[in-house]
Amino acid sequence: MNRLSIAALAFSLVVSGTAKADSVIVLNSDEASYSILSRSTRTEVARLPVGREPHHLIVSPDGKEVIIGSTATNELLSLDINTGERKRVVKDILDPYHLGFSPDGKWLVTAAYRLDHVDIYHSDGFRLAGRIFIDGLPSHIAFDAESKTVFVTLQQSGRLAAFDLATQALKWNMPIGNAPAGVVMLPDDKRLLVALTGEDRIAVVDPKDGSVKSSLQTGKGAHNFFPKGDGRHYFLSNRVEGTVSLIDTKDDPKVVGSVRIPGGPDCMDITPDGKELWVTQRFLRRVAIVDIDTLKVVAGIPVGKSPHGVFMMKSTATVTSGLPVRAASTAGSPR
Amino acid sequence: MRDLIDIWVGVQAGLFETLVSPVLYHFGLMAWYEPGYSAVEFVMLGVVQIAVIAIAMRFFERRWPLEKAGKDDKLVTVDRVYTMLNKLGVVPLAIFIITYPLVQEIELAVRTWGYMPPRLERMLPWLGDNALASFLVYFVLYDFAAYWLHRGQHAFGWWWALHSLHHSQRRMTVWTDDRNHVIDDLIVTLALVLFSQFVGVQPGEYVVILMVGRLVESWSHANVDMSFGWLGERLLVGPRFHRLHHALSTPAERHIQDHNFAPVFPIWDILFGTAIYDGKIRPTGVDNAAVDADNGRGWIVQQATVFGRFVRALMPRFRRRVSVP
Ligand SMILES: [Zn+2]
């Protein structure tokens, strides 16, 4: 790196440190890094190394940390939710592909997608309570409101399984449809929505016994959900079709809107003001920004290879947690 | 640079969404969605490699050929076939389909036993913070494994039966690198993939290592007498260095081919005492009539006859029965 680009880099760091808007984290799953994006300038501020093959990220129960699952290194890595500073590494969490804390914060459940097991940990100290080997690529997880049950989609076997958290016993394991991925519990705690990536629809499932109550046609490759925040509407990415559907879940779920997002749209997050939906475009190495009122793509930001998880920080990350080795686009990125 | 990336992934996504994705979706193969996308990139990289070989590397061969045009020119044709089949993904796809479940099984078994592969970042935490250093370390390690595999190809009779196909070419050119028996490709790929998983090479890095590594190897087979200079040829394998590894053995130099094994970084030959830098130009090939008979045969016949050679080497009793008619 020459002196000029170091200067440019330092300048961009100062600028980013004082920028007013908040930061966004995107996990570049194929290149062991995460991007820090600026909401106000809609640019990549920095690209920092993180574990290997990071896919999803969640907020810790105390709301102070963002926890990134680094699948190939069997680790969780956490960042300060306000500053973006690296806090800690939790080792020996096997293949944490998808992960989530129960609503009461007592349990952490991870789906080891490639290794075919579901792990239930006590959040306190990340002690393993039970490891359940189950066939068929466990992919996404959801909880009931009481924090008694965890639901796991099994992508290969086309099933949804429910486990009792306290005993780690299997409650039921039911066929749902082709390649189920994203799963959410609706606020009524009586309906689970399951996205069927091998089909063009989602299934509405009874959490009591796993029976499919109804289904709703959305788009090919229905994959993952994100709540709009009003307790009623959900966004759904359709990976094969390259769209995001807006679903109204009051009464029988129905599609009330759709926006074209090419390049295998996957994970989503919404800006704190509720105005923009940010969607990772896995294949295009970009993040698309959608205006929620008009359901139109208003901007896009280039990021790293195979961007997967996306997360809105509470405030602006200070990029001091390590040298940004593959630096900001504003500082003459070597890529 | 970003414009180039956008064009690249635009083409990749376009090809994937029109040709591959509908097939995977139709046949319920969504678990192969991401690997399928990577496969498209693999083929695209193959096209780029072929272009670099056909345009840039061939320029040097045409301008400064070491062995002048002659009757052996037609022997090169089959090597072009090997290059196309490998770089355009036909052979790699077959190998991937065979090795992928095996690799998964092995990794699953290893982890089920409670054994955690030692990832490099745990031993050298600073590596995780420097992408370029990390990439180079993984590249060098990968090459280290490839060096020892290559020594294995020369050390075991059954393996040499396969690898001798690569060496039988008397007319070495930029197309020779991919001239290997598919079983040999399979063994080497399986070993290198397992090794890469074991030390933790990242998929994104693996692609670049393959791309850069294979280009260096194609160039090292070029029909030119060139090197990267005194220091350069000790840092990177070039045609002069690698041609010695393909040299035809003579009574005076019986074991000349047991030198200069390194695929990309000569450091391994220097470290393990197998490097020779004498600048001499020697004819290439294998001093064995049965192996030399590979020349002039097409792809299918080569694959079939070398398979026979492999079986006979594996099973000596079978060899006796066959060789005494
Ligand atoms: Zn050899």
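Structure notes:
- Among the residues listed as A:VAL150, A:VAL183, the single one being buried (at least 23 other Cβ atoms within 10 Å of the Cβ), of a type in the set (Val, Ile, Thr) and farther than 19 Å from A:ASN238 by Cβ: A:VAL150
- Selection count, the stretch B:155-179, where residues are farther than 26 Å from B:GLU61 by Cβ and either of a type in the set (Lys, Arg) or out of contact with any Asp or Glu (no Cβ under 6 Å at 6 or more places or on another chain) (or both): 7
- Of the residues making up the stretch A:212-237, those that are within 14 Å of another protein chain (Cβ to nearest Cβ) and open to solvent by 50 Å² or more (accessible area, probe 1.4 Å) number 1.
- Of all the criteria given as (1) within 16 Å of the ligand (Cβ to nearest atom); (2) surrounded by fewer than 18 Cβ atoms within 10 Å (Cβ to Cβ); (3) not in a loop (DSSP other than H, G, I, E, B); (4) not small (Gly, Ala, Ser), the one not satisfied by B:GLU253 is (3).
- The stretch A:142-207 holds strands (runs of 3 or more DSSP E) entirely within its bounds, and those carrying 1 or more residues that are among the polar types (S, T, N, Q) and within 17 Å of the chain's Cα centre (by Cα) map to A:149-154.
- Residue check, B:PHE265 more than 15 Å from the ligand (Cβ to nearest atom), at pLDDT 95 or above and open to solvent by 10 Å² or more (accessible area, probe 1.4 Å): yes
- Taken as a whole, the stretch A:130-137 holds no residue that is part of a loop (DSSP other than H, G, I, E, B), of a type in the set (A, V, I, L, M) and closer than 17 Å to A:PHE225 by Cβ.
- Checklist (1) out of contact with any His (no Cβ under 6 Å at 6 or more places or on another chain); (2) closer than 26 Å to A:VAL24 by Cα; (3) more than 13 Å from chain B (Cβ to nearest Cβ); (4) not hydrophobic (A, V, I, L, M, F, W, C) applied to A:HIS98, failing item: (1)
- Restricting the search to helices (runs of 4 or more DSSP H) fully inside the stretch B:147-240 and requiring at least 3 residues that are within 13 Å of the ligand (Cβ to nearest atom) gives B:157-167.
- Here the condition is being open to solvent by 30 Å² or more (accessible area, probe 1.4 Å), among the aliphatic types (A, V, I, L, M) and within 14 Å of chain A (Cβ to nearest Cβ); of B:LEU15, B:LEU24, it holds for B:LEU15 alone.
- Number of the condition not met by B:TYR142 [criteria: (1) open to solvent by 50 Å² or more (accessible area, probe 1.4 Å); (2) away from the ligand (no atom under 15 Å from the Cβ)]: (1)
- Conditions (1) within 25 Å of A:GLN156 (Cβ to Cβ); (2) in contact (Cβ under 8 Å) with a residue 60 or more places away in the chain; number of the one not met by B:GLY28: (2)
- Taken over the stretch B:83-102, the criterion of being part of a helix (DSSP H, G or I) and touching a Phe, Trp or Tyr at 6+ places or on another chain (Cβ under 7 Å) is satisfied by B:THR83, B:PRO92.
- Test: B:ALA304 is assigned to a helix (DSSP H, G or I), surrounded by fewer than 17 Cβ atoms within 10 Å (Cβ to Cβ) and away from the ligand (no atom under 16 Å from the Cβ): yes
Per-residue answers, yes or no, for (1) among the charged types (D, E, K, R); (2) touching a helix residue (DSSP H, G or I) at 6+ places or on another chain (Cβ under 8 Å):
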{"site": "A:ASP209", "(1), (2)": "yes, no"}
{"site": "A:LYS213", "(1), (2)": "yes, no"}
{"site": "A:GLY219", "(1), (2)": "no, no"}
{"site": "A:ASN224", "(1), (2)": "no, no"}
{"site": "A:ARG239", "(1), (2)": "yes, yes"}
{"site": "A:PRO253", "(1), (2)": "no, no"}
{"site": "A:CYS267", "(1), (2)": "no, no"}
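- The one condition in (1) more than 18 Å from B:MET211 (Cα to Cα); (2) among the aromatic types (Phe, Trp, Tyr); (3) in contact with a helix residue (DSSP H, G or I) (Cβ under 8 Å, 6 or more places away or on another chain) that B:PHE27 fails to fulfil: (3)
- Filter result (without any contact (Cβ under 8 Å) to a residue 24 or more places away in the chain, more than 21 Å from A:HIS140 (Cβ to Cβ) and part of a loop (DSSP other than H, G, I, E, B)) within the stretch A:74-101: A:ASP92
- Number of the exception - B:TRP148 against (1) modelled with pLDDT under 85; (2) surrounded by fewer than 17 Cβ atoms within 10 Å (Cβ to Cβ): (1)
- Test: residue in the stretch A:239-249 that is free of Cβ contacts under 8 Å to residues at least 60 places away in the same chain, hydroxyl-bearing (Ser, Thr, Tyr), surrounded by fewer than 23 Cβ atoms within 10 Å (Cβ to Cβ) and within 21 Å of B:GLU34 (Cβ to Cβ): yes
- Inter-residue pairs, beta-carbon under 7 Å, first at positive phi and in the stretch B:258-282, second open to solvent by 30 Å² or more (accessible area, probe 1.4 Å) and part of a helix (DSSP H, G or I), 6+ apart: B:GLY279/B:ARG240
The values are calculated or read from the model by the stated rules, or taken from the named source; none is laboratory data. Just so we're clear, the structure is a prediction, and the values are computed from it rather than from any experiment. Note: ideal-geometry Cβ built from the backbone for every residue, glycine included; neighbour counts use all protein chains shown. When the accessible area is computed, the model is the full protein with side chains, heavy atoms only, and any ligands, DNA or RNA have been set aside. Shrake-Rupley method; radii C 1.70, N 1.55, O 1.52, S 1.80 Å.
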